[in-house]
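What follows draws every value from the coordinates through simple rules; no lab data is involved. Fair warning: this is a prediction, and the values are worked out from it, not measured in the lab. Methodologically, a virtual Cβ is constructed for each residue, glycine included, from the backbone with ideal geometry; neighbour enumeration extends over all protein chains shown.
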Amino acid sequence: MKAIPEEYQINQTIDQRKYLVNGELKTWNGNTTEVFSTISSTEEYKPTLLGSIPDMGEPEALDALDSAMKAFNRGQGVWPTMHVKDRIECMENFVRQMKTKRDIIVKLLMWEIGKSLPDSQKEFDRTVDYINDTIEEYKELDRNSAKFQKHDGVYAHIRRGPLGVVLCLGPYNYPLNETFALLIPAIIMGNTTVFKPAKHGVLLITPLLEAFQSSFPKGVVNILFGRGRAVAAPIMQTGKVDVLALIGNSKSANALQEQHPKSNRLRLVLGLEAKNPAIILPDADLDLTIDECIAGTLSFNGQRCTALKVIYVHEDVKDEFLKRYSQRVDELKFANPWEEGVKLTPLPEPGKPAYIQELIDDAIEKGAKIKNKKGGKQFDNYIWPAVLYPVSKDMRVYQEEQFGPVVPVVSFSDIEEPLNDMAESNYGQQVSLFGKDVYALSPLIDTLVNLVCRVNLNSSCQRGPDVYPFTGRKDSAQATLSVHDALRSFSIRTFVAFKDNDLNNETVLQLLEAKLSNFVSTDYIL
Ligand code: G3H
């Protein structure tokens, strides 16, 4: 094992005892859960203890909900009625403080979830950019709403208003970026929130508690720790949550939704699992295709909802693709996240190598072979990506979202085969289509856009740039996220209307002049 550079060593554990409720950083005296990294700090392999977090339950969860409800105060709260300009100031204050925590958050991203140094830095910087872009987009939205319309003798002043209380749950693979891509638009639109960090990637939220506390009015952001079952379920059972914002898996989303007794009250903003295919046509440029498939299947070890999770390759190019792609997989560097040139890193879930091994065993039993020399090789905290071929529909690796380093490859001679599989699939997020012939591509693109929500031409699947819509069909998503769309997903159009008569016109003029209403206002924010 290479020595760990001094700046990335863990010299002190983080024993988090504070949580944020009702604007107070309360001290937790109950049970705690230890947080381990699967990365070893010693020559002989041993998970590293990073710290511990409170193991909260129903009373604290309901306390946090109560605090968010009070802050919303049936639409009368300071935050939901605040002028947009003032809400933006709070957010600017938050992002200023957040930027000072870059080093510690990047370090914790590496240790807690095994993300490489450049990718951890990118996750932090992308999140800061996302917040700044959201602020600009909100100003634009506000400018466009600072006016009256008139149709059929009725004036309308239309804006977007908050929905109420948002329960926000993020995933472990982007514990900062994806969680904040929910939380930030939810907050800025005037909602109040209860937020529970993911199981892995939880300590990295703790340096931000004070920034949340000092930037927003009390009760706008409440942060809890513990297991989803113990804290999220009781909150949903009250029927008082207006939005469930979750990036994760459809089973947990369904289980939580079902607990909510008022299904029409509950709005859903969900980014869920996917099984994005790559489709490689006979005329594909194989150099570029292989580069994109390596990035698409194995960036962050395939632990991305947008990862390419099955490769369909045309019979005519199958042999060459398999040979060259498998070789490239075996050339990737596996090491700790801070090491130069690293591509494959330790898996944060201790049980993941065994799960991937089960998928491999099942596929081999049903007729697949491992095409790369290192495929399936086990380490203490890793399993080398196995390129499996030929994969058939009865195999678990075809059916399940592997969310880890294993690559199923299916060959086809008729393009209807992958198209039919995609139509039958429970998922519908994105696809990567590799080829050059426009006569073949055109009808395919026209069909694929109706099966998924993003067709990546000669490019791997990805969420970014964050200004583009991120959504999916079927079990892959509900609602749309992007800098622009998220503001809409976390709000509702609401307006003041009045018939055109002297009394109303005079009253509205006075309302505008008095500048007492934050809703009825034609002021511009530049
Ligand atoms: O886990 C899913 C993420 O949204 C993927 O984002 O494509 O930018 O890695 P990314």
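Write out the trypsin sites (Lys or Arg not before Pro) in region 456-487 meeting two conditions: DSSP loop, and at most 12 other Cβ atoms within 10 Å of their Cβ. Intermediate values should be presented prior to the final figure.
Working: sites: Arg463, Arg473, Lys474; in loops: Arg463.
Qualifying residues, ordered by number: none.
Which one of Pro465, Val438, Phe94 has its Cα pushed farthest toward the positive end of the charge dipole of the chain, where Lys and Arg give +1 and Asp and Glu give -1 at the Cβ?
Towards the positive end, the residue furthest out is Phe94.
If amide hydrogens are placed 1.01 Å from N in the peptide plane, which non-local residues have theirs closer than 5 Å to the one on Arg227?
The list, which skips near neighbours in sequence, is Met56.
Roughly what angle does helix 286-298 make with the longest principal axis of the chain, taking Cα atoms, 0 to 90 degrees, to the nearest 10?
60
Please state the charge dipole magnitude for the chain, taken about the Cα centre, from unit charges on C-beta atoms (+1 on K and R, -1 on D and E), reported in debye and rounded to the nearest 20.
1180
What ranking do 71-82, 176-187 get when scored by the average of other Cβ atoms within 10 Å per residue, highest first?
176-187, 71-82
What share of Cα pairs, in percent, lie more than 20 angstrom apart in region 72-173?
Roughly 58 percent, rounded to a whole number.
Does anyone have the angle between helix 315-331 and the longest principal axis of the chain? Alpha-carbon axes, 0 to 90°, nearest 10?
So the inclination is approximately 80 degrees.
Within 10 Å, count the other beta carbons around each residue, average over each peptide in 167-173, 347-353, 1-7, and list them highest first.
167-173, 347-353, 1-7
So what is Rg over Rh here for region 277-457, counting just Cα atoms and using Kirkwood for Rh? Don't jump to the answer; show the numbers that get you there.
Details: Rg = 15.7 Å, Rh = 16.5 Å.
Computed over Cα atoms, the ratio is 0.95.
Report, in deg cm²/dmol and to the nearest 500, the calculated mean residue ellipticity at 222 nm for the chain, where each DSSP H run with n ≥ 4 adds -39500 (n - 2.57) and the sum is divided by the residue count.
Computed ellipticity for the chain at 222 nm equals -12000 deg cm²/dmol.
Run the dipole for region 300-391 about the Cα centre, Lys and Arg Cβ at +1, Asp and Glu Cβ at -1, nothing else charged, and hand back the magnitude in debye, nearest 20. Mind dumping the intermediate values first?
On the way: 15 positive and 14 negative charges, 33 e Å.
The dipole of region 300-391 has a size of about 160 debye.
In whole Hz and in residue order, list the ³J(HN,Hα) couplings for region 23-32 that follow from phi through the Karplus curve 6.51 cos²θ - 1.76 cosθ + 1.60, θ = phi - 60°; x for Gly and Pro.
3J(HN,Hα) across region 23-32, in whole Hz: x, 10, 8, 7, 9, 9, 10, x, 5, 10.
Which residue, chosen from Val329, Asn264, Gly404, occupies the Cα position most advanced towards the positive end of the dipole of the chain, where the dipole is computed from +1 (Lys, Arg) and -1 (Asp, Glu) charges on Cβ about the Cα centre?
Positive-most Cα among the choices belongs to Asn264.
With axes computed from alpha carbons, what is the tilt in degrees of helix 84-99 against the longest principal axis of the chain, rounded to the nearest 10 within 0 to 90?
The angle comes out near 40 degrees.
So if R0 is 35 Å, what FRET efficiency would Ile492 and Ile104 give, r being the distance between their Cβ atoms, rounded to the nearest 0.05? If you can, show how the numbers build up before the last one.
Values: r = 37 Å, r/R0 = 1.07.
Once the sixth-power term is evaluated, E becomes 0.40.
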